[in-house]
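The values are calculated or read from the model by the stated rules, or taken from the named source; none is laboratory data. Note that the coordinates shown come from a computational prediction; the quantities given were computed from them, not determined experimentally. We place every Cβ from the backbone using ideal geometry, glycine too, and count neighbours over all the protein chains shown. Quick note on the areas: whole protein, heavy atoms, side chains included, nothing else; ligands and nucleic acids left out. Shrake-Rupley method; radii C 1.70, N 1.55, O 1.52, S 1.80 Å.
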Amino acid sequence: PKAATAVQECGVPAVEVFFASMKPHTDIKMHSDFTNFVLTSHLALEIPENGNNKCRLSVGDDTREWLNGEVMLFDTSIMHDAINESDGMRYILMMRLWHPSLTETERNALQFIYDCLEVPELLSTRPDEVLMGDAKLAALRAFPEIKKKAS
């Protein structure tokens, strides 16, 4: 709840935000997502053998290690890979952010495409289905109410 509240309140133009882990002695092969209208940010939360270059991210010809508490921002349309050569799990907070050179109109158009993929009813020719799609989308976007325990 604390992380969700902090992300919501910070005003970062995030497309998606999630925690990601990487098992010991694993790698993610070189790849591209061919999407340059979003940038990806990694906040290193728990990096095993921090500072020993065991957990690394390569973007193009540049390789950097994750370091606890530090942020990396990169373009995933560039070929990239990741490796965890340590004996422990690697944890990061990943945020996909709208590219800063996009206009508001461009962001809205791209968001509509994402929304239609998630809620196909938005493209219906039937008004009742579109209305149902709008309600479903509103529910998906609603920030969950976190009930406080009575002391």
**OP:** Quick one: which residue in 108, 53 is without any contact (Cβ under 8 Å) to a residue 24 or more places away in the chain, polar (S, T, N, Q) and closer than 21 Å to residue 141 by Cα?
**Re:** 108
Original post:
How many residues are in a strand (DSSP E or B) and open to solvent by 30 Å² or more (accessible area, probe 1.4 Å) when one looks only at segment 17-38?
Top reply: 10
**OP:** Exactly one condition in (1) under 30 Å from residue 112 (Cβ atoms); (2) at pLDDT below 95 is not met by residue 39; state its number.
**Re:** (2)
Original post:
Of these, 122, 43, 97, which one is of a type in the set (A, V, I, L, M, F, W, C) and more than 21 Å from residue 13 (Cα to Cα)?
Top reply: 122
